[in-house]
Structures are given as structure tokens and as C-alpha cells.
Amino acid sequence: MLPLELVKYKKNSQKIIALTAWDCITGSLAEESGADIVLVGDSLAMVCLGYKSTLPVTLDNMIHHTNAVSRGFTKSIEDQPLLVCDMPFLTYQCGEDKAVEYAGKIIKNTYAKAVKIEGAEPEIQNVISRLIRMGIPVMGHLGLTPQNYLNLGLRKQGEKLESQEKIKRDAVALEKLGCFSLVLEHIPEILAVEIKTLLKIPTIGIGAGNSCDGQIRVTADLLGLNEKQPPFCQPMIEGKKLLGKKLKEWVASERLN
């Protein structure tokens, strides 16, 4: 799938489903699930690498894990999910030239067909515009932006009128710049509905209600593999407890042999 094909989904009112992945196994699971988009998110910093936030993950980490995810795909390239890679902290906040260099490394050295960038401050908009002009598709991300948690925290965004208006302005600006879709994270559903109505590009929600054009979830959250769950994602199974129990049973049985 190519990025611009997602606009057809919105026109046809076809729900877009996205999952995160961080290695060959989760890439395979995401593809087999039928997800339209597989995002190699910088959340792998916590899910896979044991960090407390997304900030420490590096560009090399993202390229390494994106390649691992793509090795889990088995379908022909035309039938594979759209593979998107997060640009990690300080790879696009340091000027347009560096951002083009770093995003170019992702596109040249992986099978990702797009990058995702958080925020819409003037400097970020300049970067997004430059990347798109250089031929690199960009997925936007507004609302709760984890790379900015030191300023904003990890709380719900857009609860006050001033904040709501800013998010709406930013969403319109990102569409005008050429973003092919927009992630809306942890904002009120009524605000997500307004943004969805304003935009021609699809909105993909995470903790933004069920009215967006699509939904994205961290796969580890859905499978209950983390110690803590975000308030907007209840696990479908208690994966960590279940797997831990089975491994303990195996270890115990082996000791008796």
C-alpha cells in the first residue's frame, strides 16, 4: 500500500486499522491480523528496550527495528501493510537539512514508505514541508505528543478551548503542507470529530474516541504485555501473566525430569 491510498479509505468510509510492531514476530502478527498500517513507533523504547520514555531511542534503533519488522512480512510488496517509521527525538527538531538527512536514511535503508513526525510548531512545519517536497511522505501527529512530555506531561490534551483551537489550526496546517494522514492522540472525542470533518486526509485516533477515520494501538498494550496500560487501551488478554505462567510451568516440569 502507498500512503496516498489511505485517502480513498476515508472517501469510502472504510475504517483504517493500524498496529505498532518492533521486531520480526510482531511484524508478522500485525500483517496476519489484516492491519492496513504497521507503525514502527518510538514506543519501542519502552516496549522493547526498557527505557522509561521515548526520548532515548536513536535513529539507528529505529532503522534496525524497522528492518526487523519488514522481515516478518510474507506478502508481496504490493499487498503488505503500509510500513511507517517514527522519526525519533532530535532527528527533526534540529533543522531542515538534518531532518532530510535522517528521514532519508530511514527511507533509503528500510522498506518504510513514510515517516511520522510529532507536532506542528513553525519549525516542525518547515521540516514537514521540506520532507514532502523532497519526496518523503509524512504522517502527522497531534494531541498528546510523547516526545514533548517534559513540557506537556502525558495527560490528555485539548481539554480547554484555547488548546482545542490550536490543535484544529495545526491539523489544517498539516493537511495543507501535504501530510497524507494525521494521528490524534488522547484528545476529547468531540474535538476529534471536528478535526475529522475539517480534513480531507484521514484521522487516525489513539485515545481520541471511536469517530476517527481509523484507529491505531500499541500492540503490546492490546496483548497485555506491559506493566502499565494507558487509560484508553484495555488489554484483550493478560498476555504477560499468561506467558509468564506457562513458562513457569515448563521450567517446573523440566526440573522434575
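The values are calculated or read from the model by the stated rules, or taken from the named source; none is laboratory data. All values reported here derive from a predicted model rather than from experimental measurement. In this analysis, Cβ positions are derived from the backbone assuming ideal geometry, glycine residues included, and neighbour counts consider all displayed protein chains.
Within the range 35-60, which residues are farther than 29 Å from Y9 by Cβ, among the small types (G, A, S) and in contact (Cβ under 8 Å) with a residue 12 or more places away in the chain?
A45, S53
Looking at this structure, is E101 closer than 25 Å to V38 by Cβ, at pLDDT 95 or above, among the charged types (D, E, K, R) and buried (at least 19 other Cβ atoms within 10 Å of the Cβ)? Can you show your working first?
Numbers: closer than 25 Å to V38 by Cβ: yes; at pLDDT 95 or above: yes; among the charged types (D, E, K, R): yes; buried (at least 19 other Cβ atoms within 10 Å of the Cβ): no.
When the stated conditions are applied, E101 does not pass them.
I'd like the full set of residues that are touching a Phe, Trp or Tyr at 6+ places or on another chain (Cβ under 7 Å), surrounded by 21 or more Cβ atoms within 10 Å (Cβ to Cβ) and among the small types (G, A, S), limited to the range 41-67.
Answer for the range 41-67, where residues must be touching a Phe, Trp or Tyr at 6+ places or on another chain (Cβ under 7 Å), surrounded by 21 or more Cβ atoms within 10 Å (Cβ to Cβ) and among the small types (G, A, S): just A45.
Hey, does the range 11-30 have a residue that's within 17 Å of the chain's Cα centre (by Cα), assigned to a helix (DSSP H, G or I) and aliphatic (A, V, I, L, M)?
yes
Those residues that are assigned to a helix (DSSP H, G or I) and touching a strand residue (DSSP E or B) at 6+ places or on another chain (Cβ under 8 Å), I need them from the range 66-82; list them, please. Steps first, please.
Filtering the range 66-82 for residues assigned to a helix (DSSP H, G or I) gives 66-71.
T66, V69, S70 - these are the residues of the range 66-82 that are assigned to a helix (DSSP H, G or I) and touching a strand residue (DSSP E or B) at 6+ places or on another chain (Cβ under 8 Å).
What residue, of P230, P235, is modelled with pLDDT under 95, closer than 30 Å to I136 by Cβ and not in a helix (DSSP H, G or I)? Let's see the steps before the verdict.
Numbers: P235 fails: closer than 30 Å to I136 by Cβ.
Unique residue meeting the criteria: P230.
I'm trying to understand the selection: among the residues of the range 104-123, which are exposed (fewer than 15 other Cβ atoms within 10 Å of the Cβ) and under 16 Å from N67 (Cα atoms)?
If the condition is that a residue be exposed (fewer than 15 other Cβ atoms within 10 Å of the Cβ) and under 16 Å from N67 (Cα atoms), then K108, N109 are the ones that fit.
Looking at (1) out of contact with any helix residue (DSSP H, G or I) (no Cβ under 9 Å at 6 or more places or on another chain); (2) part of a loop (DSSP other than H, G, I, E, B); (3) of a type in the set (A, V, I, L, M), find the lone condition where V193 falls short.
Only one criterion is unmet by V193, namely (2).
Are there helices (runs of 4 or more DSSP H) fully within the range 83-161 with at least 3 residues that are aliphatic (A, V, I, L, M), touching a helix residue (DSSP H, G or I) at 6+ places or on another chain (Cβ under 8 Å) and farther than 24 Å from I17 by Cβ? List them.
Values: elements: 96-109, 122-133, 149-152.
Helices (runs of 4 or more DSSP H) meeting the threshold: 96-109, 122-133.
Given the conditions (1) in contact with a strand residue (DSSP E or B) (Cβ under 7 Å, 6 or more places away or on another chain); (2) part of a helix (DSSP H, G or I); (3) not basic (K, R), report the number of the one that V251 does not fulfil.
(1)
Going through D36, D42 one at a time, which residue ends up being acidic (D, E) and more than 28 Å from L150 (Cβ to Cβ)?
Numbers: D42 fails: more than 28 Å from L150 (Cβ to Cβ).
Unique residue meeting the criteria: D36.
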